[in-house]
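Engineer: Take a look at the following structure, please.
The values are calculated or read from the model by the stated rules, or taken from the named source; none is laboratory data. The model shown is predicted, which means the values in this text are computed figures rather than measured ones. All Cβ positions, glycine included, derive from the backbone under ideal geometry; neighbour counts span all protein chains shown.
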Amino acid sequence: MMPIVWPTSHLEEKVLNIIKKHLELDLGKYEGIIDGGIHLKYKPKNIRLKVIELNCTNYNAATSLSQIRFFFVNINYQDEDQELVEEVTEYIYNIMDHSVIRNLFFESNRKEVSKISPYLWLGNNYFEITNNTLYKKKKQNDRVE
């Protein structure tokens, strides 16, 4: 039986590529961290170590970057070294949480590390993304109420 493959919209692909470029610039400075690359869902099955997989859900069905809200992104890091996975997961959290990239505001919803097989560890960072202009308006309205 073939696994279900969910299609990626043009906007989802655009957002994931923005994140990919940002992570490549930052993590690419460190040798041996992303040797397996950064892949938009789904990573090749034969790549298992030092790899990042990006996937997302566009709950609001936004069609442009300026409309993005309730947009959720998983940034998964996988390797056999538990300590490395914990460090990279924490590093991704620190550089992404409450950051603004291409006018998109990133807010962490969850960060966790778990063993996914006898030899593999997975670090997961789960972020909600909102267009920064919409985010600032919401925060302003929250203060007024």
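Engineer: Taking the options ASN46, ASN76, ASN58, name whichever one is over 14 Å from the mean Cα position of the chain (by Cα) and either on the phi < 0 side of the Ramachandran plot or touching a residue at least 24 places away in the same chain (Cβ under 8 Å) (or both).
Structural biologist: ASN46 is the lone residue from the list that is over 14 Å from the mean Cα position of the chain (by Cα) and either on the phi < 0 side of the Ramachandran plot or touching a residue at least 24 places away in the same chain (Cβ under 8 Å) (or both).
Engineer: Could you please find all residues in the range 20-31 being hydrophobic (A, V, I, L, M, F, W, C) and either closer than 13 Å to TYR77 by Cβ or touching a Pro at 6+ places or on another chain (Cβ under 9 Å) (or both)? Outline the logic, then answer.
Structural biologist: Here is the first cut: in the range 20-31, the ones hydrophobic (A, V, I, L, M, F, W, C) are 23, 25, 27.
LEU23, LEU27, listed by residue number.
Engineer: Quick one: which of ILE18, ILE33, ILE75 is among the β-branched types (Val, Ile, Thr), closer than 19 Å to VAL113 by Cβ and touching a Lys or Arg at 6+ places or on another chain (Cβ under 8 Å)?
Structural biologist: ILE33
Engineer: When you check SER117 against the structure, is it of a type in the set (Gly, Ala, Ser) and touching a strand residue (DSSP E or B) at 6+ places or on another chain (Cβ under 8 Å), yes or no?
Structural biologist: On the way: of a type in the set (Gly, Ala, Ser): yes; touching a strand residue (DSSP E or B) at 6+ places or on another chain (Cβ under 8 Å): no.
No: the conditions fail for SER117.
Engineer: Still on this structure, I have one more. What are the residues in the range 119-145 that are in a strand (DSSP E or B) and not acidic (Asp, Glu), if any?
Structural biologist: Passing the criteria: TRP121, LEU122, GLY123, ASN124, ASN125, TYR126, PHE127, ILE129, THR130, ASN131.
Engineer: Right, here's the next one. Identify, please: which residue in the range 62-119 is surrounded by 14 or more Cβ atoms within 10 Å (Cβ to Cβ) and among the aromatic types (Phe, Trp, Tyr) and is, among those, nearest to TYR42 (Cα to Cα)?
Structural biologist: Selected residue: TYR77.
Engineer: Let me ask something additional. Given the condition hydrophobic (A, V, I, L, M, F, W, C), exposed (fewer than 14 other Cβ atoms within 10 Å of the Cβ) and modelled with pLDDT under 90, answer yes or no: does some residue in the range 24-39 qualify? Before the answer, list the steps.
Structural biologist: Step one: of the range 24-39, the residues hydrophobic (A, V, I, L, M, F, W, C) are 25, 27, 33-34, 38.
Those still in the list that are exposed (fewer than 14 other Cβ atoms within 10 Å of the Cβ) too: 25.
Filter once more, keeping what is modelled with pLDDT under 90: none.
Checked against the condition, which is being hydrophobic (A, V, I, L, M, F, W, C), exposed (fewer than 14 other Cβ atoms within 10 Å of the Cβ) and modelled with pLDDT under 90, the range 24-39 yields no hits at all.
Engineer: Let me ask something additional. Please count how many residues of the range 115-144 are over 30 Å from ASP81 (Cα atoms) and under 19 Å from the mean Cα position of the chain (by Cα).
Structural biologist: Residues flagged as over 30 Å from ASP81 (Cα atoms) and under 19 Å from the mean Cα position of the chain (by Cα) within the range 115-144 amount to 4.
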